[in-house]
Amino acid sequence: MSKWAVIYSSVTGNTKMIAEAIAEAAEEADVFRVQDAPSDLSAYDIVAIGYWLRLGQPDPLTLKYLSKIKDSRVVFFQTHGTAPTSEHAITSFARAGYYLGENCEILGTFGCRGKINPAMLEKRKNAGPDDPHGGAKSQERWKLAASHPDEQDLADARDLVPRMERKLALKKKFLAKKAAKLAALQENKKS
């Protein structure tokens with residue numbers, strides 16, 4: 001099994017819970033808060049980086065750290081107050097990828113709802129109808145998010161590890177077959 005670096009940023013504890021679930025599932029993992037994470041990640045096979053969303057992208061601490069990740073296999077995980085399949089959640093993965101350092105491979109992603117920071121909820125209670133975070137629809141999303149991450153979210157986060165390990169094993173097998181095929185073609189050209 002691979003050695004994992006699990007790096008996270010968390011204000012409410014949501015992303016920390018997911019990070020701990022991922023680390024628990026990995027046989028070998030080191031867990032770091034983003035502000036304590038190493039700049040040299042070469043000792044790790046997989047770097048899982050988790051964050052909460054702000055303005056449709058990773059939080060400011062994570063944004064600053066992402067460019068330091070270079071030459072790594074990366075898994076993103078995020079918590080937010082909206083549905084994991086929403087455009088807001090999905091495009092934030094793309095924004096995270098945009099900030100990564102050079103030569104990184106994104107292996108996969110994981111997202112789940114998470115309870116929203118009470119200070120943010122208080123601020124949003126007075127949002128007008130034109131504010132995308134105001135109104136009845138937003139209040140419904142907040143209610144749904146309040147019970148997350150739940151046990152199913154944590155189980156799904158733990159399941160991310162074997163899925164990514166399997167993906168790596170399949171890729172390694174594919175590349176070995178491809179290399180053997182290429183070597184055979186080159187050998188045939190010599191004959």
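Values quoted throughout were computed directly from the atomic coordinates according to the rules given, and no laboratory measurement underlies them. Just so you know, these numbers come straight off a predicted model, no measurement behind them. All Cβ positions, glycine included, derive from the backbone under ideal geometry; neighbour counts span all protein chains shown.
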For residue 171 and residue 131, what does the FRET efficiency come to when R0 = 45 Å and r is the distance between their Cβ atoms, rounded to the nearest 0.05? 0.55
Put +1 on the Cβ of each Lys and Arg and -1 on the Cβ of each Asp and Glu in the range 42-105; which of 66, 90, 43 then has its Cα farthest toward the positive end of the dipole? 66
Let's see if you can work this out: charge +1 on each Lys and Arg Cβ, -1 on each Asp and Glu Cβ, no other charges. What is the dipole magnitude of the range 1-118 about its Cα centre, in debye to the nearest 20? 500
So, in Å, what gap is there between the alpha-carbon centers of the range 41-66 and the range 113-191? 13
Can you run phi through the Karplus equation (6.51, -1.76, 1.60; θ = phi - 60°) for the range 133-148 and list ³J(HN,Hα) in whole Hz, with x for Gly and Pro? 9, x, x, 5, 4, 5, 4, 5, 4, 4, 5, 4, 6, 4, 9, 10
Residue pairs, from the table 137/167; 123/143; 64/178; 68/181, whose Cα atoms sit over 27 Å apart: 137/167; 64/178; 68/181
Can you tell me the 0 to 90 degree angle between the C-alpha axis of helix 14-25 and the longest principal axis of the chain, rounded to 10? 30
Taking Cα atoms, the helix 87-99 axis meets the longest principal axis of the chain at an angle in degrees (rounded to 10) of 50
With bins 5 Å wide starting at 0, give me the P(r) of the chain over every alpha carbon pair, in whole percents. 1, 8, 15, 18, 18, 13, 9, 6, 5, 3, 2, 1, 1, 1, 0, 0
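Between residue 119 and residue 150, what is the FRET efficiency for a Förster distance of 22 Å, r being their Cβ-Cβ separation, to the nearest 0.05? Don't skip to the end; give the middle numbers.
Numbers: r = 23 Å, r/R0 = 1.02.
The formula returns an efficiency of 0.45 here.
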How much FRET efficiency would the formula 1/(1 + (r/R0)^6) give for residue 12 and residue 189, where r is the Cβ-Cβ distance and R0 is 41 Å, rounded to 0.05? 0.10
For residue 148, enumerate residues with amide H under 5 Å from its amide H, sequence gap 5+ or separate chain, H modeled in the peptide plane. 115
What are the residues whose amide H is under 5 Å from the amide H of residue 3, where those residues sit 5 or more places off or on another chain and H is modelled from the backbone? 45, 46
Once amide hydrogens are built 1.01 Å from N within the peptide plane, the residues lying 5 or more places from residue 50 or on another chain with amide H under 5 Å from its amide H are 7, 8, 9, 77
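Tell me what the chain gives for mean residue ellipticity at 222 nm when only DSSP H runs of n ≥ 4 count, each as -39,500 (n - 2.57), the sum divided by the residue total, rounded to 500 deg cm²/dmol. Walk me through the numbers before you get to the answer.
Values: 6 runs with 90 residues, N = 191.
Rounded to the nearest 500, it is -15500 deg cm²/dmol.
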Estimated vicinal HN-Hα couplings, Hz - the range 66-82 in sequence order (Karplus 6.51, -1.76, 1.60; Gly, Pro = x): 3, 5, 7, 7, 10, 6, 10, 8, 10, 10, 9, 9, 9, 10, 6, x, 10
